[in-house]
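Here the structure comes first, spelled out in structure tokens, and everything after it is commentary.
The values are calculated or read from the model by the stated rules, or taken from the named source; none is laboratory data. Worth saying up front: this structure is predicted, and the values here are computed from it rather than measured. Note that we place each Cβ from the backbone using ideal geometry, even for glycine, and neighbour counts take in every protein chain shown. Each accessible area value is taken on the protein alone, full model and side chains, heavy atoms only, with ligands, DNA and RNA left out. Shrake-Rupley method; radii C 1.70, N 1.55, O 1.52, S 1.80 Å.
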2 protein chains.
Amino acid sequence: VSASPAEIPGGHFRREIAEQPDALRRLLANRDEISAAARALAHRLPDLIRVIAHGSSDNAASYGMYAFGMLARRTVFRDSISLVTYYGVDVDLDRSAVVALSQSGRTLDVVDYVERTRAKGALTIAVTNEPASELGQAAEIVVPLAAGDELAVAATTTYTNQLAALALLAAMVGGREREVIDGLQRTAELQAESLERIERAVTPVAAPFAFVGRMYVTGRGVEFATAREIALKLTETCRIAAEPLTATDLLHGPVAALDPLFPVWVVAARDNAPAAVIEASTRARAAGATLVASGDAAAEIPGASFVLPVPSAPMPILAPLLSIVPGQLFAAAVAKAKGLDCDRPLGLEKVTLVA
Amino acid sequence: VSASPAEIPGGHFRREIAEQPDALRRLLANRDEISAAARALAHRLPDLIRVIAHGSSDNAASYGMYAFGMLARRTVFRDSISLVTYYGVDVDLDRSAVVALSQSGRTLDVVDYVERTRAKGALTIAVTNEPASELGQAAEIVVPLAAGDELAVAATTTYTNQLAALALLAAMVGGREREVIDGLQRTAELQAESLERIERAVTPVAAPFAFVGRMYVTGRGVEFATAREIALKLTETCRIAAEPLTATDLLHGPVAALDPLFPVWVVAARDNAPAAVIEASTRARAAGATLVASGDAAAEIPGASFVLPVPSAPMPILAPLLSIVPGQLFAAAVAKAKGLDCDRPLGLEKVTLVA
């Protein structure tokens, strides 16, 4: 008799990583609300889209800047929540839209921000796995993530479905809906096809990392969201102090802290691999850091000790849906090697309720 | 015969920390170009101000969001440089202004961003310590930082003068010029008066931190810039992997990585001390982390082992000009305790030239 996922430490997390292709297909099959949000954006024509979130959702927000920029030529930025909710700054919001990302829909300051900005005239869109939540009720339009139940504390399906929801919304606004729907269908296939191969590749890398205390995770452009999300996964499930840095920011100071016990993970996409990422890798290697390279251009990183390639995405903007997978599987493997239960990290709850 | 600062490891860094009050007074005495930038902003009335920078300058950019929000009710955000320079995304820039921060004025992608956005109609303002630099030539308006020669690799005077320049520019746009000029004059006095006391306070804290490998630095709202800058100073001069996190983000995952060998620095301002900062401190302490509390509300942080208070600023938005000082002096003291030369961190140059 095999144990159920709930009985194996990290069983939920591992199972949910594997569920991502199905979760993505569910989102594609249930995209009416994304269309409604796109129509509202087309009708109200905001100059500015303010994205707000915390944790993994905020990593997805980083992706949103690129999705809207590249697919719809629209300006999106991660707004300061405390400027609105804590300092009560009253900026002009008539020509703004708000996209609020929260898996649970219960993050207090995100709900508060949406209530305040909606009252002042902003078009508010909630992207959440819990449409009936406080956030779902606070926003004018609700996009359900359709990710299914996510039982591990560390987000996986909700993160990748947030990326997909943002890409779809941007594509609809930018008139590229068909291309992105087809691309996401193909991405789900590529995720499913590559999962086992990636899992086999990460396992031997995990053991040497069981005693690592600190890491940098670097990426650039669309893959900076991936670097942030890999770093957060390693921090919360493996208790590694993993900090995300753009390749350029790594060179602006932190490279000075590197040594042979301080590995660097490089997310290298064909789309973003050149100069800065290669130079950051070379300088990190020169400082003695062990390099892990992932992404579809992982093989191009000079001096990498561990190479974890992923399939190329059908469109560059969809690469982060594939390049996150080695990070998730690596986190699961390192947690297992350290005897940690990544379904229930120390001191964390699934929903962070804080003002 | 006493050695010159150049002959003592870290001598430039220590001396430049102490020069900050004079540097601030020089900026105040040479504010014509800030007035010119404010007039241009009033004339062109951009809806949006895009700030771009790397490293310490990017930490100042975080402050810019709050300075413009609180003093002028204007929306400022840190734009993605790579979206414009690398992906070539062509967003509408007619109603945008750009504020580019670079101490040297030689950061390649910052110069490239300014050239491209100026060509597309944005009002471009360079804030730099080198007005004759490439950046100074690329922008329509140049604001000189007047910080004097900064010889240590780690920025000090240029960072605090960037904060002051942003506060002044926002105040001029928001019709609060007199109040902020008076506030900055008083801030320079408070910096000068408190320096020796803070230096005496950090010295005994430095020795126990000589073997610390990783830290979080947390702050909120206007003090998030301070948390980022303290973390960068500790990383580049002391080789500590110090990651900045908002109090809320610390609770959304990274708290799980804490243990007794993983200290947390809390920047607590009266302005931003409540709920989230206290809760983050309490949870970090519960995980066994040693707490260092600084800021004018340092005494309010429960369970702090080390308390480094600073004088209260004349206006809450000016607090970061005072609250950065314990971080700078602490970095100098820890570097000395570790035998590192913080004037010349390993693998860093004063100017980071990377595409």
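Residues in segment A:286-314 that are surrounded by fewer than 21 Cβ atoms within 10 Å (Cβ to Cβ) and within 20 Å of A:Asp22 (Cα to Cα): 3 in all. Condition first: touching a residue at least 40 places away in the same chain (Cβ under 8 Å), away from chain A (no Cβ under 14 Å), under 30 Å from A:Leu245 (Cα atoms) and among the charged types (D, E, K, R). Can you find one or more residues in segment B:13-22 that meet it? Yes; the residues of segment B:13-22 include at least one that is touching a residue at least 40 places away in the same chain (Cβ under 8 Å), away from chain A (no Cβ under 14 Å), under 30 Å from A:Leu245 (Cα atoms) and among the charged types (D, E, K, R). Are any residues in segment A:88-113 more than 10 Å from chain B (Cβ to nearest Cβ) and at pLDDT below 90, and if so, which ones? A:Asp94, the sole residue that qualifies. Among all residues of segment B:209-225, there is at least one that is of a type outside the set (D, E, K, R), open to solvent by 10 Å² or more (accessible area, probe 1.4 Å) and under 18 Å from the mean Cα position of the chain (by Cα).
Looking only at residues of segment A:58-86 that are more than 7 Å from chain B (Cβ to nearest Cβ) and among the small types (Gly, Ala, Ser), we find that the one that is farthest from B:Pro254 (Cα to Cα) is A:Ala72. When A:Ala192 is tested against the conditions (1) in a helix (DSSP H, G or I); (2) of a type outside the set (Ser, Thr, Tyr); (3) within 22 Å of B:Tyr87 (Cα to Cα), the lone failure is (3). Against the list (1) open to solvent by 30 Å² or more (accessible area, probe 1.4 Å); (2) within 14 Å of chain B (Cβ to nearest Cβ); (3) more than 23 Å from B:His54 (Cβ to Cβ), the condition A:Thr282 fails is (3).
State yes or no: is B:Thr187 more than 30 Å from B:Cys342 (Cβ to Cβ) and hydroxyl-bearing (Ser, Thr, Tyr)?
Details: more than 30 Å from B:Cys342 (Cβ to Cβ): no; hydroxyl-bearing (Ser, Thr, Tyr): yes.
Spelling it out, it is not the case that B:Thr187 is more than 30 Å from B:Cys342 (Cβ to Cβ) and hydroxyl-bearing (Ser, Thr, Tyr).
Filtered by the rule that a residue be closer than 18 Å to A:Ala67 by Cα, within 9 Å of chain B (Cβ to nearest Cβ) and in contact with a Pro (Cβ under 8 Å, 6 or more places away or on another chain), segment A:219-271 gives A:Val222, A:Phe224, A:Asp271. The single residue among B:Leu169, B:Leu163 that is over 20 Å from B:Asp47 (Cα atoms), open to solvent by less than 10 Å² (accessible area, probe 1.4 Å) and away from chain A (no Cβ under 14 Å) turns out to be B:Leu163. Counting only helices (runs of 4 or more DSSP H) wholly contained in segment A:47-160, the ones carrying 3 or more residues that are touching a strand residue (DSSP E or B) at 6+ places or on another chain (Cβ under 7 Å) and surrounded by 24 or more Cβ atoms within 10 Å (Cβ to Cβ) occupy A:55-72, A:108-119. For segment B:25-34, the criterion of being over 25 Å from B:Arg186 (Cβ atoms) and surrounded by fewer than 24 Cβ atoms within 10 Å (Cβ to Cβ) is met by none of the residues. Listed by position, the strands (runs of 3 or more DSSP E) contained in segment B:214-308 that have at least 1 residues being out of contact with any helix residue (DSSP H, G or I) (no Cβ under 7 Å at 6 or more places or on another chain) and more than 23 Å from A:Ala154 (Cα to Cα) are B:291-295.
Of all residues in segment A:285-310, how many are touching a residue at least 12 places away in the same chain (Cβ under 8 Å) and either within 14 Å of chain B (Cβ to nearest Cβ) or on the phi > 0 side of the Ramachandran plot (or both)? Spell out how you get there, then give the answer.
Filtering segment A:285-310 for residues touching a residue at least 12 places away in the same chain (Cβ under 8 Å) gives A:285, A:287-298, A:300-310.
Pick out the ones that are also either within 14 Å of chain B (Cβ to nearest Cβ) or on the phi > 0 side of the Ramachandran plot (or both) and you get A:285, A:287-289, A:295, A:303.
Residues that pass the stated criteria total 6.
Residue check: is A:Asn59 modelled with pLDDT of 90 or more and under 30 Å from A:Gly339 (Cα atoms)? Spell out the reasoning first.
Working: modelled with pLDDT of 90 or more: yes; under 30 Å from A:Gly339 (Cα atoms): yes.
When the stated conditions are applied, A:Asn59 passes them.
Looking only at residues of segment B:253-270 that are under 24 Å from the mean Cα position of the chain (by Cα) and not β-branched (Val, Ile, Thr), we find that the one that is farthest from B:Lys336 (Cα to Cα) is B:Arg270.
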